[in-house]
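Structure first, commentary second.
The values are calculated or read from the model by the stated rules, or taken from the named source; none is laboratory data. Everything numeric in this text was worked out from a predicted model, so none of it was measured. Because the Cβ atoms are built from the backbone with ideal geometry, glycine has one as well, and the counts that use them run over all protein chains shown.
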Amino acid sequence: MLLLIPGPVRTRPEVRAAMAEDIAPWDNEFRAVYAGIRERVLEIAGGVPGLHATLPLQGCGHFALEAAIRSLVPPGGRVLVPLNGSYARRAARLAREAGREVVALPGPDTSPVTAGEIAAALAADPAIGHVLMVYSETGSGIVNDAGAVGAAVRAAGRRLILDAVSAFGALPFSLAAHPECDAVVFTSGKCLEGMPGIGFCVARLDRLEAGRAGSWSLDLADVHAHALQSGWGSIRFTPPAQALAAFAVALDLFAREGGQPARLARYGENMRVLYEGVRALGLTPYLERRHQGPVIVTVHQPADPAFALQPFVDALKARGVLISNFHNTEAPTFRVGCIGAVTPEEMRGAVAAIGAALGDLGVRRREAA
Ligand SMILES: *Cc1c(COP(=O)(O)O)cnc(C)c1O
């Protein structure tokens with residue numbers, strides 16, 4: 001089955017094979033694996049040893065993002081969130097429910113927020129301490145310009161928390177070049193092509209404050225304190241040890257492929273094949289080409305009444321391609337992931353399968369509903 005969703009992604013067999021073992025998390029062999037993951041992830045994030053550290057948490061991206069918000073934004077602190085997609089709305093909800101005050105900067109889910117809009121919002125409200133932004137918006141497929149927005153945040157003397165969950169490993173970002181960034185947040189199961197199960201924050205240590213999180217489980221300062229006390233190979237609480245073992249192999253493969261630039265090139269080509277392929281089938285991509293990111297392509301559902309999402313997903317699955325059976329865009333779409341251990345050649349096959357599945361359903365009018 002070709003899994004084309006924006007996480008958890010299709011993995012390579014070597015990654016899955018690393019899970020076929022019982023592991024004691026405190027075993028010295030495993031401690032070395034875990035410490036090595038932290039070091040390699042810090043390097044991929046462009047972190048500066050001593051200034052930044054990899055602070056992982058068991059669980060999913062939402063957990064890691066909440067931990068970053070709680071650990072870095074003071075309780076009651078004001079956070080600007082550009083709201084141009086479903087994951088941005090989730091980030092805003094995490095901040096709000098953690099007792100931080102969210103200032104929303106609404107925008108359509110079809111285009112990125114601009115650095116100018118961020119600068120204006122920050123100038124208008126000096127009480128905003130942080131900007132919480134989604135890098136790659138996994139709802140629609142747009143990419144917010146983390147480099148330019150980071151520069152605007154820096155110029156305004158504020159702080160940035162970057163939800164790079166569907167971006168990290170593919171889209172460029174270096175903490176060393178972004179001193180305004182308190183944390184970049186991502187997971188094991190997206191562009192780094194590991195198993196789901198671990199959330200990562202690579203954070204500035206000088207911005208952490210013991211106890212600020214108001215939650216022991218989600219306190220990054222405590223994750224750091226634990227590393228200082230028990231070693232970088234030690235993890236608080238029971239880890240998904242097999243997922244970590246698999247992730248170490250995924251990082252080997254990431255390096256062997258050529259790191260972030262190579263991954264971006266492959267995903268970008270997957271996206272191009274898909275975007276042009278669905279257009280050639282008479283379908284309408286949800287985004288303009290210039291706003292289309294390399295992580296996920298969303299496509300307007302066809303106008304033909306013969307189209308319905310679940311039967312389409314089922315017909316596609318019967319042809320060996322699995323996509324999401326829901327959409328997160330403002331208008332009805334179907335979503336196809338471009339990330340994971342997938343080649344452009346396989347993407348060409350997926351486009352053919354999409355055409356065939358539409359045929360199976362008898363969908364003739366393919367333009368947007
Ligand atoms: C996947 C994702 C998350 C986190 O999702 P989980 O299901 O909690 O792992 C957060 N933000 C973005 C942009 C994502 O793509």
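The table below lists the values:
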item	result
Residues within the stretch 104-118 that are buried (at least 18 other Cβ atoms within 10 Å of the Cβ) and not in a loop (DSSP other than H, G, I, E, B), tallied	3
Qualifying residue in the stretch 36-52 (condition: within 16 Å of the ligand (Cβ to nearest atom), of a type outside the set (D, E) and more than 25 Å from P240 (Cα to Cα))	no
Qualifying residue in the stretch 249-269 (condition: of a type in the set (S, T, Y), in contact with a strand residue (DSSP E or B) (Cβ under 7 Å, 6 or more places away or on another chain) and part of a helix (DSSP H, G or I))	no
Residue in the stretch 318-334 that is over 26 Å from the mean Cα position of the chain (by Cα), at negative phi and not acidic (D, E) present	yes
Scan of the stretch 147-193 for residues that are within 12 Å of the ligand (Cβ to nearest atom) and either farther than 22 Å from P49 by Cβ or outside the structural domain of V134 (by TED's automatic domain parsing) (or both), ordered by number	D163, V165, S166, A167, A170, L171, T187, G189, K190, C191
Top-ranked residue of the stretch 63-94 - restricted to ones that are in contact with an Asp or Glu (Cβ under 8 Å, 6 or more places away or on another chain) and without any contact (Cβ under 8 Å) to a residue 40 or more places away in the chain, ranked as farthest from the ligand (Cβ to nearest atom)	G76
Whichever residue in the stretch 122-141 is over 19 Å from E180 (Cβ atoms) and assigned to a loop (DSSP other than H, G, I, E, B) and, among such residues, is farthest from the chain's Cα centre (by Cα)	S140
Positions within the stretch 1-25 being within 16 Å of the ligand (Cβ to nearest atom) and either surrounded by fewer than 22 Cβ atoms within 10 Å (Cβ to Cβ) or among the β-branched types (V, I, T) (or both), in sequence order	L3, I5, P8, V9, R10, T11
Residue within the stretch 161-181 that is acidic (D, E) and buried (at least 19 other Cβ atoms within 10 Å of the Cβ) present	yes
